[in-house]
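See below for the structure under consideration.
Any read-out appearing in this document is the output of simple, stated calculations on the displayed coordinates, not a laboratory observation. Computed from a prediction, not measured in an experiment: that's the story for all the values here. A quick note on method: Cβ atoms are made from the backbone with ideal geometry, for glycine too, and the neighbour counts reach across all protein chains shown.
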Amino acid sequence: MKNTNLLKVINTYLFTKDLKRLWHFYLFTLIFSTWLELVLMLKYRPQLLNVDLLLVILLGLLPLYAFSIYCIKYHAIEKKRPYWILPFIFILIFMQLTDNPNPIKYPEAHPFINFIADNIALLIFAVPLRIMLIIRNKK
């Protein structure tokens, strides 16, 4: 069995020009980031897992994911409208620049897990941007 480097795999997916492959990588990133946050919460902050967090996920995160899927898959990829990705990217920029009064950190977790949890938002930002650039350059 071949030993593969995680960063090399991410680079091959991120720098591909195949829209279907990029789209699947984006969906994997969304699902993995949600799963990772929930698992880290369950393991390191179980006192924060309550109905309020569930409502935040159901009313905040899932509609944002649905909006991104609508913009990216339907308008950008299928209809060849690359600039429909910009509203989602602007929402992500706004969320990153808005100061969070209650940041959730996991100091007990392995540093690599913390690195992934902290930087997966960059992939969620970079992949739609890459999709937009590929569609724009194909026109």
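The figures follow:
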read-out: Whether the stretch 81-121 is rounded, prolate or oblate, judged on the alpha carbon gyration tensor where a/c under 1.5 counts as rounded; value: oblate
read-out: Calculated SAXS-style log₁₀ I(q)/I(0) at q = 0.13, 0.19 Å⁻¹ - the stretch 4-123, Debye, Cα scatterers; value: -0.63, -1.25
read-out: Label-point separation in nm, Glu108 to Asn11, each point 7 Å along Cα→Cβ; value: 3.6
read-out: Extended-chain gain in nm, criterion 0.36 nm per residue less alpha-carbon gap, Glu78 and Phe94; value: 3.1 nm
read-out: Electrostatic dipole magnitude of the chain [Cβ: Lys, Arg +1; Asp, Glu -1; Cα centre; debye, to 20]; value: 940
read-out: Mean-position separation - Cα centroids, the stretch 101-120 and the stretch 9-47, in angstrom; value: 15
read-out: Residue among Pro107, Pro46, Pro87 with the largest mean-square fluctuation in a Gaussian network model of the chain, springs linking Cα atoms under 10 Å; value: Pro107
read-out: At R0 = 30 Å, FRET efficiency that the Cβ-Cβ distance of Leu86 and Leu36 yields, to 0.05; value: 0.65
read-out: Helix 19-44 axis, angle to the chain major axis (alpha carbon atoms, nearest 10°); value: 0
read-out: Segment Ala126-Ile69, length gained on full extension (0.36 nm per residue, minus Cα span); value: 19.0 nm
read-out: Rounded if a/c under 1.5, otherwise prolate or oblate - the stretch 1-68, Cα gyration tensor axes; value: oblate
read-out: Given Lys20/Lys79; Lys8/Lys105; Lys8/Lys80; Lys79/Lys138; Lys73/Lys138; Lys20/Lys105, the pairs whose alpha carbons are separated by over 24 Å; value: Lys8/Lys105; Lys8/Lys80; Lys20/Lys105
read-out: Cβ-based charge dipole, the chain, positive-most Cα from Ile120, Ile69, Phe15; value: Phe15
